[in-house]
Amino acid sequence: MRDAQFKIPNAGVLQLVVDVIDGINMDGRDTKGDLYEYMLSKLASAGQNGQFRTPRHIIDLMVDMTAPKPLEAICDPASGTCGFLVQAGEHLRRNHPSLLTNPDSNKFFHNQQFHGFDFDNTMLRVGSMNMLLHGVENPDISYRDSLADLHSTEEEKYDVILANPPFAGSLDYDNVAKDLLSVVKTKKTELLFLALFIKLLKPGGRAAVVVPDGVLFGSSKAHKELRKMIVEGHRLDAVVKLPSGVFKPYAGVSTAILFFTKTNSGGTDNVWFYDVRSDGFSLDDKRTPLGSSDVPDVLSRWKQRTTAELTRARTEQSFCVPLSEIAANDYDLSLNRYREIEHEEIDHAALADILAALDELEGEISQGMAELRGLLK
């Protein structure tokens, strides 16, 4: 809590806050956590280091698709408010009823399962409180510049990585860990974070990471080398393209989610692509709820990616692309590179018929003008 400041400007505001909170039924285990998450959602601007809140339904999708299990160490090296870790914990509680009754998994859940790092002290305090209010007693939420402080003890330590790392903000290139620069020599934080995730994952570990579109098709040497490393050196499972308004009002950047598994020996056969056209909210600054969403369909089709999805046409919303084709396209991972567009055939009238119709129309106009002139006499 070093340097923490609590600013309530006057007694009236304090009374209002206390009265509102006092009127909320706190019988539910997670009510306080939900209240806290609601307040976090009202953070309306990105921080100076490029961080902004990831929408809850996007976090839930990433958690459900990676499906963390008991006794798996979960890490977010750019944890912010710890939204990914909180939802991973809720996923474990929902899907593994004996999680907290088994002594081993209970001890691991509260003390060793969750790891979050950030170098913003305010975010660390917010994240720690968020985890505590969601029932995790002793998570590892600590101060660290993830790109600078890569300890050998951290390498190949985690089973699952869930993250939305900053795409912009300050980067002290001279302090970036040399081990990361040996993987990919670049000043782009999104590429350095991807290299970091590969380092941190155990063999067989899974990652779900939000990246800006430039990572998918960037033409620099660093972009190409990193994409090739993930596709050829490990197993790229999926690329889920998000609509560009998902992170409004914080940012309008166009993004995608990469899902990959660390293998150190390749394993990519087919990469599954999905084009999310609606996430259930309007894509403007207001983010008004809509009646439909592609998000449930993403999860449903993800579970069929090795069966029914393999035969889907490239004109559909999701489809698979073989490794050989991706390699032939310089490891370009943009969905539009592989999508097939159906062009509707339109029958046009013959040119002579169009000219005849124009002549007829011109005659009608001339006759109408002559009648008007007659009325003026």
### Task
Report, by residue number, each residue of the stretch 249-260 that is in contact with a Leu (Cβ under 8 Å, 6 or more places away or on another chain) and surrounded by fewer than 19 Cβ atoms within 10 Å (Cβ to Cβ).
S254
### Query
Which pairs do you get when a residue that is of a type in the set (D, E, K, R), found in the stretch 83-101, comes within reach of a residue that is surrounded by fewer than 22 Cβ atoms within 10 Å (Cβ to Cβ) and modelled with pLDDT of 90 or more, reach meaning Cβ atoms under 9 angstrom, with the pair 6+ apart or on two chains?
E90/D60; R93/L99; R93/L100
### Selected residue (criterion: modelled with the lowest pLDDT) from residues of the stretch 193-242 that are among the aromatic types (F, W, Y) and surrounded by 21 or more Cβ atoms within 10 Å (Cβ to Cβ)
F193
### Message
For the stretch 93-123, give me each residue that is among the hydrophobic types (A, V, I, L, M, F, W, C), in a helix (DSSP H, G or I), surrounded by fewer than 23 Cβ atoms within 10 Å (Cβ to Cβ) and within 25 Å of the chain's Cα centre (by Cα).
### Response
M123
### Message
So in the stretch 134-159, with the set limited to residues that are hydrophobic (A, V, I, L, M, F, W, C) and surrounded by 18 or more Cβ atoms within 10 Å (Cβ to Cβ), which one is farthest from K69 (Cα to Cα)?
### Response
L147
#### Entry: Of residues in the stretch 265-287 being among the aromatic types (F, W, Y) and in contact with a Leu (Cβ under 7 Å, 6 or more places away or on another chain), the one surrounded by the fewest Cβ atoms within 10 Å (Cβ to Cβ)
F281
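Here is a list: Y338, Y250. Which entry is over 22 Å from F84 (Cβ atoms) and of a type in the set (F, W, Y)?
Every option except Y338 fails the conditions.
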### Message
Please count how many residues of the stretch 172-191 are at pLDDT 80 or above, more than 14 Å from H151 (Cβ to Cβ) and either among the basic types (K, R) or loosely packed, with under 10 Cβ neighbours inside 10 Å (or both).
### Response
3
### Message
Looking for something of a type in the set (D, E) and either in contact with a Cys (Cβ under 9 Å, 6 or more places away or on another chain) or farther than 28 Å from K303 by Cβ (or both) - is there at least one such residue anywhere in the stretch 86-95?
### Response
no
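The values are calculated or read from the model by the stated rules, or taken from the named source; none is laboratory data. If you're wondering where the values come from, they're calculated on a predicted model, not measured in any experiment. Note that we place each Cβ from the backbone using ideal geometry, even for glycine, and neighbour counts take in every protein chain shown.
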